[in-house]
Structure formats: C-alpha cells, structure tokens
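Heads up, the thing below is written out as structure tokens.
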Amino acid sequence: MNKTKVLTGITTTGTPHLGNYVGAIKPAIEQSWRDDIASYYFLADYHALIKGRDPKRIHQSTLEIAATWLAFGLDTDRVTFYRQSDIPEIAELNWIVGCMTAKGLMNRAHAYKAAVQANDEAGEQDPDKGVTMGLFCYPVLMAADILMFNAHKVPVGRDQVQHIEMARDIAGRMNHHYKTRFVLPEAVVGETTAVLNGLDGRKMSKSYDNTIGLFVPEKQLLKLIRKIKTNSLEPGEPKDPDTCTLFQIYSAFADADGIAAKRQQYINGAGWGDLKNELFEFLNGHLQLPRERYYALLDDPAFIEQELLKGAQKARAEAAEHLGTIRRAVGLKPLA
Ligand code: TRP
C-alpha cells in the first residue's frame, strides 16, 4: 500500500502551551496511529534561528518540545521524528530550490510583508529594516522541508497555508523545468481542531502573553485557570457556554457526553468558581501522567537525543537518496 505522507514542523522557540497541544500535537499524535499514513514530524530548529538569536533558548526549546511529544506517547518507531538540523540534505535542497524561486514570490510572503508594513507604520526610511535573508527566504526553507520527503499533506495553522502554496509552486517549477517528480503538497488546516482562547479571551498565543503552559505545576495550573476571564453573571444565572473560554478548553479534552453534560451545567446556572475548579480537576486528570513523564524526560536528555538520532537516521537515508536524484536532475553530477 502506498501510504500518504504527512509532514509537519514545529519551530523550536518557546515552551509548548495548551493551545499548541490541542491545535497541533494532539491531532498529530492521534493521526500517527493510522496505518494508511506515514508521518514525518520534525523540530524546525533552522527555522528557529530566524526568530531568535539566543542559543540557550533554542537549545532548551528543542529539548522541551521533543520531551513534550514523547511525553504524550509519540511512537518513534511508527513515525519519523527528527531534528531539521540533523538533515543537512535539507539545507542543500534549500539552495537548489531557492534558485528556482522568484524573488517576487517571496516579496508576497506575509511574514515579510508584515515586517515591511511595521517599518512603514513606524515611519522608517528603510522598508527592509531588521529583515534578514532568513526571514525573507523562510518559505523556501519550508519548501525544502516538505519537498525533501515528497510529503502529500502538510497540517498547519491557517497562517501557514500561503507557504504550502509556495512550496507547491516551487515544486511545479522544478518538475516543469528539470523533469523532477516532486509531489505537489497540500495544506491541511484542521477544521475540527479547536483554536484555543487564552486567559484574556483572545486566541492563546505567546505573542499575547495569555497562554497556559502545558506542563506548569498543578498549583500554577489552578492559579492560571482562576485567572481566565469570565463575565459577571452570578451563580444561578444561566450562562452561554459557546462564548466561554472555560467551556472551550473543556470541550477540547472531553468526549461528546461530557461536553453535553457541561453545557447543561451552564444552562442551569453553575457558578464561575465551581466551573473553574471543575475545569482544573478535569484538565489536571488529563495532564498528570504526561506531566510526570515530561519532567522525567527532561532529566534524561541523553535518551531524547538518542530518539532524535534514530529519527535522523531514518530521515537521512531517505533524504540522501532523493537528493542524489535531484542533484543529477539539475546537472550536479560526476564528470565521468
Ligand atoms: N513555519 C512553520 C510554523 O511556524 C513550521 C515549519 C517549518 C513547518 N517547516 C515546516 C510546517 C514544514 C510544515 C512544514 O508553524
């Protein structure tokens, strides 16, 4: 059976929060159990260099993100789980496909456009102030990540869809000009997976500083849940679950029966204090075991390293063979 290849990258900046788990990690791990899919999940540490220049942070984030995926039971024998920078073939492909990428295409990439717009709004003379080649060419590196493994499907957040379309465009140009046979990748945006709200009711995001860390200690989890913004309705007054962050977080972890029962509680006018305590108990029940595993894993970086090297070995074997074909196609080959 020809498996569908599903590939996604996680930039190694920061510490995972509940929103990351619900939006990306949980669906990815669930999908990895399917037999008709070959999953490629990687730590995008080359990409992390675009966003941050603190070596300690990038290193620590790589450790934390790898530990998180393993703590939730990712089976590294079933999936190819690797660190981008362990696959130098990706960096080489980045160069090759970059030579087939129009600069004008990159001018339209939204991360770059946002930077230019911010400069413009700040009254800067130079529209490119603070823009590195890394930021400008970031979609090319993403294309190399994807095309290296001929991924069919790429699960991403809505903000990344444009980059997958660019990868498709680049693959098409390569195929047309060099007669390579790159798969044209498709973005998959989870319609059913929730985008969680944060403490203040806006989308949970590091940039809003409103996140709930996935593995914060119990006490802090309770404290954060108590901080979640609710309205001023009193106990006994019916409440609207559909506009409530507590309900939304609950729903992301509960089954249909649990969600229906919780909905009824809102209609019956449960008090915010009780709803918050219950959410804590429920969430803590789900996170307790992975949390323990997570801290045990952080104490054993050598084990994590070994898991990543195992993944790199699998990934590199495939990447090296594919890169060989690509090199020959573009004319980089022995003279005799
Ligand atoms: N840029 C992606 C993000 O910020 C991460 C990423 C890097 C990625 N390379 C990728 C995602 C390749 C999918 C495929 O979310």
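The values are calculated or read from the model by the stated rules, or taken from the named source; none is laboratory data. This one's a predicted model, so the numbers in the text were calculated from it and none came from an experiment. A quick note on method: Cβ atoms are made from the backbone with ideal geometry, for glycine too, and the neighbour counts reach across all protein chains shown. When the accessible area is computed, the model is the full protein with side chains, heavy atoms only, and any ligands, DNA or RNA have been set aside. Shrake-Rupley method; radii C 1.70, N 1.55, O 1.52, S 1.80 Å.
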Residues of region 1-13 satisfying the condition of being more than 12 Å from the ligand (Cβ to nearest atom) and either in contact with a helix residue (DSSP H, G or I) (Cβ under 7 Å, 6 or more places away or on another chain) or without any contact (Cβ under 8 Å) to a residue 60 or more places away in the chain (or both) | 1, 2, 3
Those residues that are part of a loop (DSSP other than H, G, I, E, B), among the small types (Gly, Ala, Ser) and modelled with pLDDT of 80 or more, I need them from region 186-200; list them, please.
-> 198
Filter region 131-142 for residues that are farther than 12 Å from residue 167 by Cβ and either buried (at least 23 other Cβ atoms within 10 Å of the Cβ) or of a type outside the set (A, V, I, L, M, F, W, C) (or both); the one that is farthest from the ligand (Cβ to nearest atom) is 132
Quick count over region 14-54, residues being among the hydroxyl-bearing types (Ser, Thr, Tyr) and in contact (Cβ under 8 Å) with a residue 60 or more places away in the chain, is 4
The one condition in (1) part of a loop (DSSP other than H, G, I, E, B); (2) of a type in the set (Asp, Glu); (3) in contact with a helix residue (DSSP H, G or I) (Cβ under 6 Å, 6 or more places away or on another chain) that residue 89 fails to fulfil | (1)
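How many residues does region 234-251 contain that are open to solvent by less than 20 Å² (accessible area, probe 1.4 Å) and not aromatic (Phe, Trp, Tyr)?
6
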Top-ranked residue in region 284-316 [being free of Cβ contacts under 8 Å to residues at least 24 places away in the same chain and farther than 30 Å from residue 220 by Cα; ranked as most open to solvent (accessible area, probe 1.4 Å)] | 313
With criteria (1) away from the ligand (no atom under 16 Å from the Cβ); (2) part of a helix (DSSP H, G or I); (3) open to solvent by 10 Å² or more (accessible area, probe 1.4 Å), residue 128 comes up short on (2)
Flagged pairs (Cβ under 7 angstrom, 6 or more apart or on separate chains; first in region 149-175, under 21 Å from residue 21 (Cβ atoms); second away from the ligand (no atom under 12 Å from the Cβ) and at pLDDT 95 or above) are 153/4
For region 21-44, which residues satisfy the criterion of being open to solvent by 20 Å² or more (accessible area, probe 1.4 Å) and near the ligand (Cβ under 10 Å from one of its atoms)?
-> 24
Determine which member of the set 204, 166, 174 is among the hydrophobic types (A, V, I, L, M, F, W, C), open to solvent by less than 90 Å² (accessible area, probe 1.4 Å) and under 19 Å from residue 251 (Cβ atoms).
-> 204
Say whether the condition of being near the ligand (Cβ under 8 Å from one of its atoms), part of a loop (DSSP other than H, G, I, E, B), more than 17 Å from residue 109 (Cβ to Cβ) and open to solvent by less than 70 Å² (accessible area, probe 1.4 Å) is met by at least one residue in region 143-163.
-> yes
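State yes or no: is residue 84 within 14 Å of the ligand (Cβ to nearest atom), under 17 Å from the mean Cα position of the chain (by Cα) and free of Cβ contacts under 8 Å to residues at least 40 places away in the same chain?
no
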Failed condition for residue 319, given (1) open to solvent by less than 70 Å² (accessible area, probe 1.4 Å); (2) over 28 Å from residue 43 (Cβ atoms) | (2)
Among (1) polar (S, T, N, Q); (2) part of a loop (DSSP other than H, G, I, E, B); (3) touching a Pro at 6+ places or on another chain (Cβ under 9 Å), residue 13 falls short only on (3)
Filtering region 45-61 down to residues that are of a type in the set (Gly, Ala, Ser) and assigned to a helix (DSSP H, G or I), which residue is nearest to the ligand (Cβ to nearest atom)?
-> 48
Determine, yes or no, whether residue 259 is open to solvent by 30 Å² or more (accessible area, probe 1.4 Å) and β-branched (Val, Ile, Thr).
-> yes
Determine whether residue 117 is outside any loop (DSSP other than H, G, I, E, B) and within 14 Å of the ligand (Cβ to nearest atom).
-> no
